[in-house]
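Each remark here refers to the structure printed beneath this line.
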Amino acid sequence: MKENLLRVDFKMKIRNPVSILKNRYQELIKFTNPKFSLKKSKSTLRIDQEPDADYELAKIHGVGLADPFAVQGVVVLKTDDGKEFPISAFSGEVAQYISNFIDEKRDSLPTIYNMLEQICEENELLLVKVKLYQSGNALRSNLYLAGKKDIILRNYRASDAIALATFYSAPILVRKDLLMEKATVN
């Protein structure tokens, strides 16, 4: 009987610090930002919603290397109406993976891509689209996964998102303000 009482006391001791920390955290947040609320927003972003007017569908027009040492990769995304978006601030290794995926060579995956693929398979998820956008001086992306539960992975490297979109044949959406008209030579 005394042994059971000790177990109950032990469990209570474990729970109390967690609830105390959670309450203190909430008090601190409310103190620093009185308008903060822990309630979930009513505006939810759904994967199957209408296309965002700020984004345009783009396809890989070219992939290559910016230097002879294969250190920096280059990808040019192009829309159906001819607008382009060149990207060059990523590794040559990722450029090689993108090139391989375009050529249907999918036998060699980086560990992190393989891990994502396994997580998606286990949870019956599929990459359905990738959105690229500017965040400060960096190009970032959101990855949209659909399945049993829709998931949005936010603020990831654009180069990896492009590689994964190529691997899964998922659409790549680029913010319109990043696209530029192709220069014409007279």
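Values quoted throughout were computed directly from the atomic coordinates according to the rules given, and no laboratory measurement underlies them. What you see is a predicted model, and the numbers here were worked out from it, not measured in a lab. A quick note on method: Cβ atoms are made from the backbone with ideal geometry, for glycine too, and the neighbour counts reach across all protein chains shown.
Overview of values
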item: Entries in Lys59/Lys148; Lys59/Lys131; Lys78/Lys176 that, when Cα-Cα distance is taken, lie over 20 Å; result: Lys59/Lys148
item: Projected area, mean over directions - segment 55-178, Cα convex hull, nm²; result: 7.8
item: Under 5 Å, built H, 5+ apart or other chain: amide partners of Ser91; result: Gly73
item: Calculated FRET efficiency for the pair Ser88/Asn114, C-beta based, R₀ 30 Å, to 0.05; result: 0.70
item: Arg175, Arg154 arranged by Cβ crowding within 10 Å, fewest neighbours leading; result: Arg154, Arg175
item: Two-site FRET efficiency, Ala53 against Ile102, from Cβ-Cβ distance with R₀ of 25 Å, rounded to 0.05; result: 0.30
